There are 2 protein chains.
Amino acid sequence: MSAHLTILGYNSAIPTVNSSPTAQFLEMEERHFLIDCGEGTQVQLRKAKARFSKINHIFISHLHGDHCFGLPGLIASFRLLGRETPIHIYGPKGIQEMLETIFRLTDTHKGFEVVYHELDSKKSEVIYEDSRIEVSTIPLDHRVYCNGYLFREKPKDRHLNMAEISKYPEIETCDYHNLKRGKDFVLSDGYVLKNETLTNDPTKSVSYAFCSDTRYLESIVPIIEGVDVLYHEATFLHDLKKMADYTGHTTALEAARIARKAGVGKLILGHFSNRYHDLSVFTKEAREVFAETYLPVALQPVEIK
Amino acid sequence: MSAHLTILGYNSAIPTVNSSPTAQFLEMEERHFLIDCGEGTQVQLRKAKARFSKINHIFISHLHGDHCFGLPGLIASFRLLGRETPIHIYGPKGIQEMLETIFRLTDTHKGFEVVYHELDSKKSEVIYEDSRIEVSTIPLDHRVYCNGYLFREKPKDRHLNMAEISKYPEIETCDYHNLKRGKDFVLSDGYVLKNETLTNDPTKSVSYAFCSDTRYLESIVPIIEGVDVLYHEATFLHDLKKMADYTGHTTALEAARIARKAGVGKLILGHFSNRYHDLSVFTKEAREVFAETYLPVALQPVEIK
């Protein structure tokens, strides 16, 4: 399984006719994650042909409207579509009060459990983990409490080298599990078959870092080091650095500096201020520092590799 | 000034790629009213090229998500667009708690006043009035407290018949006001000039009734009697009458009966269940009872006359 990121919306503040506020759909190891949920996200999910029922985990970076106003409608639609499985929502303290107040006053009987995971730590922490994936917070510096999220595939099983294995009748199917995990095989005469002779390297585990609204923040570099794809906000160009600082945002140049320092594979910019119409100015500025910088393309899945 | 209704969205429950939940933009006597505000309404307003700053009054029928989930985002956008004038919101008790909770938790500093007019009466009442317009509630019967809204232009000034007036030098400009209001003119010799010889009938005052989610309800007939345009929900066809009753909705046939009993000029149906794809079945059923029945056309202004 490869990992795919579909950016559903990436504009800042105000939705327009042709662009949507922040929301992303991440498929990784057959898990389906929604990251942020601005107004209109459920329609963008439909356009992306994403199956609502597959989403079990929603990660909200911060409680500004352009990152969360699509949540009540999405949850209400889950109900109307007959959902029964729980939905897990990760986000800042307060998200539960907001949603439950809305659900109570709008008579939204959910029919399935909404499990809230409210966050208030200022340190990076693992907030989700299963056999294949780990999700950690990336504490950011915005006007309100805000986290980015780091999605990492765990190390994968080594591939069995069947041509080699078949030479040893002693190795049975039930031994494959240990081989995939890297263990050597000891023959009955005590001879040790080194794992690397029986298996090949595993498929690379990929990682994706989502860095929502934040000021330039070098403390995130060790957390996101070496990720395959980094989405980082770049609300302004660097000539508006003061405005960026004041409003709690980053410039394209700064986002590129973060990408370079962290040695990421690829940088995708987003959350551009509505004052810019030709978005190529962002990549132009950022590529001076980090060549592998790209603009987001809504609804077009990007393979993370 | 004529009155124009722009239906921004009319589908029920779940927004889709091609249709939006309930919201309408009504221009009447240079007032600009928003009626209901499902998710995505602000984008629909942009598509309709409506100027956000002109909207000073928002009327919400009931607190189901498909009629109000667009409000938080719209208010937040008002702020980002620099609004300073107050916005008046009319809706069921609870709307203030819902919106203020959201604004507090999402750090939405409004910068302008939001004036709440919470409704809980089960009788029709005038909730807005100025020199030219009157808005009343139309109590409906849904699963939750719900009102339709009746918008009425007040009787207009009579038109001056200048050809006739100019024959009497005694009539001065300052007398025109009384003439327009229908008063006779008394000449200095005591001779009474009847108003109808000096003026012509005023332009007809128009009216529009918005009847959101409701069961078939004959008690609304006297309230909406003779309106020029009636929008009435018709979620189901009449073969699903039991389903309509159970869910608090009306059938197309029933909406047509209401229109006929009330002697309205024109009926526009809406709020169709997503189970119907060919909407012409609704007008087909309704026209058997009330010929002047039409389907809504999103974003296409309808003149109310």
request  = Before anything else, pin down the relative contact order of chain B: Cα pairs under 8 Å, at least 6 apart, normalised by residue count, whole percent.
outcome  = 16 percent
remark   = For B:K242, counting only aspartates and glutamates whose alpha-carbon sits under 20 Å away and dropping same-chain residues fewer than eight positions off, the answer is B:D141, B:D213, B:E218, B:E233, B:E254, B:E285
key: Fraction in percent of alpha-carbon pairs per bin - 10 Å, segment A:181-277   = 16, 34, 17, 11, 11, 8, 3, 0
request  = Stick to Cα atoms and the Kirkwood definition of Rh, then tell me Rg/Rh for segment A:1-88.
outcome  = 0.95
message = Once R0 is set to 60 Å, what does the formula 1/(1 + (r/R0)^6) return for the Cβ-Cβ distance between B:L295 and A:L187, expressed as a FRET efficiency to the nearest 0.05?
response = 0.15
key: Acute angle (nearest 10 degrees) that the helix B:95-105 long axis makes with the longest principal axis of chain B, alpha-carbon atoms   = 60 degrees
task = Mind putting a number on the dipole of segment A:17-90 about its Cα centre? Charges go on the C-beta only, +1 for Lys and Arg and -1 for Asp and Glu, and I need it in Debye to the nearest 20.
result = 300 debye
message = Let me spell out the model: positive unit charges on the Cβ of Lys and Arg, negative unit charges on the Cβ of Asp and Glu, origin at the Cα centre of the protein assembly as shown. What dipole size does that give, in debye rounded to 20?
response = 620 debye
task = Please arrange B:S19, B:S166 by counting, for each residue, the other beta carbons lying within 10 Å of its beta carbon, fewest first.
result = B:S166, B:S19
key: Per-copy distances of the A:K167 label point, shortest first, in nm (7 angstrom along Cα→Cβ)   = 12.3
key: Pseudo-label separations to other copies for B:K156 - Cα-to-Cβ vector, 7 Å, nm   = 7.2
request  = Ignore the peptide's own chain and count Cβ atoms of other chains within 10 Å of each Cβ in B:14-24; give me the average, rounded.
outcome  = 3
query = For chain A, with the dipole built from +1 on Lys and Arg beta-carbon atoms and -1 on Asp and Glu ones, taken about the Cα centre, which of A:I95, A:V114, A:G73 lies farthest toward the positive end?
reply = A:G73
query = With each pseudo-label sitting 7 Å past Cα toward Cβ, what's the B:V221-A:D175 distance in nm, one decimal?
reply = 8.8 nm
message = Along its three principal axes, how long is segment B:159-200 when you only count alpha carbons? Whole Å, largest extent first please.
response = 25, 18, 16
ask   = Once you average over the residues of A:43-50, how many Cβ atoms of partner chains fall within 10 Å of each Cβ?
value = 2
query = Any idea what the dipole of segment B:159-200 comes to, in debye rounded to 20, about its Cα centre with Lys/Arg Cβ at +1 and Asp/Glu Cβ at -1?
reply = 180 debye
ask   = Cα-Cα pairs above 49 Å in the protein assembly as shown: how many percent?
value = 28 percent
ask   = In a shell of Cβ-Cβ distance under 11 Å around A:V17, excluding A:V17 itself, what net charge do Lys and Arg (+1) and Asp and Glu (-1) give?
value = +3
note = For chain A, longest principal axis from Cα atoms; helix A:252-262 axis from its Cα atoms; angle between them, nearest 10 degrees, is 20 degrees
ask   = In what order do A:S207, A:S212, A:S53 fall by count of nearby beta-carbon atoms within 10 Å, going from fewest to most?
value = A:S53, A:S207, A:S212
request  = Grab the DSSP H runs of chain A that are 4 residues or longer, score each as -39,500 (n - 2.57), total them, divide by all residues and round the 222 nm result to the nearest 500 deg cm²/dmol.
outcome  = -6000 deg cm²/dmol
request  = Among B:S188, B:T199, B:I165, flag the residue with its Cα farthest along the positive direction of the charge dipole of segment B:159-200, charges on Cβ as +1 for Lys/Arg and -1 for Asp/Glu.
outcome  = B:T199
request  = At 0.36 nm per residue, minus the direct Cα-Cα distance, what do A:S166 and A:D245 gain on full extension? Give it in nm, one decimal, please.
outcome  = 22.2 nm
task = Take the Cα coordinates of chain A, assign each an equal point scatterer, and use the Debye formula without solvent to give log10 I(q)/I(0) at q = 0.14 Å⁻¹.
result = -1.00
ask   = What are the nm distances, shortest first, from A:R132 to its equivalents in the other copies, labels at 7 Å along Cα→Cβ?
value = 6.3
Normalised contact order of segment B:159-200, rounded percent, pairs of Cα under 8 Å and 6 or more residues apart = 49 percent
ask   = Among A:E292, B:E125, what is the fewest-to-most ranking by other Cβ atoms within 10 Å?
value = B:E125, A:E292
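The numbers here are math on the coordinates, done by the rules we state, and not lab data. Quick caveat: nothing in here was measured; it's all calculated off a predicted structure. Because the Cβ atoms are built from the backbone with ideal geometry, glycine has one as well, and the counts that use them run over all protein chains shown.
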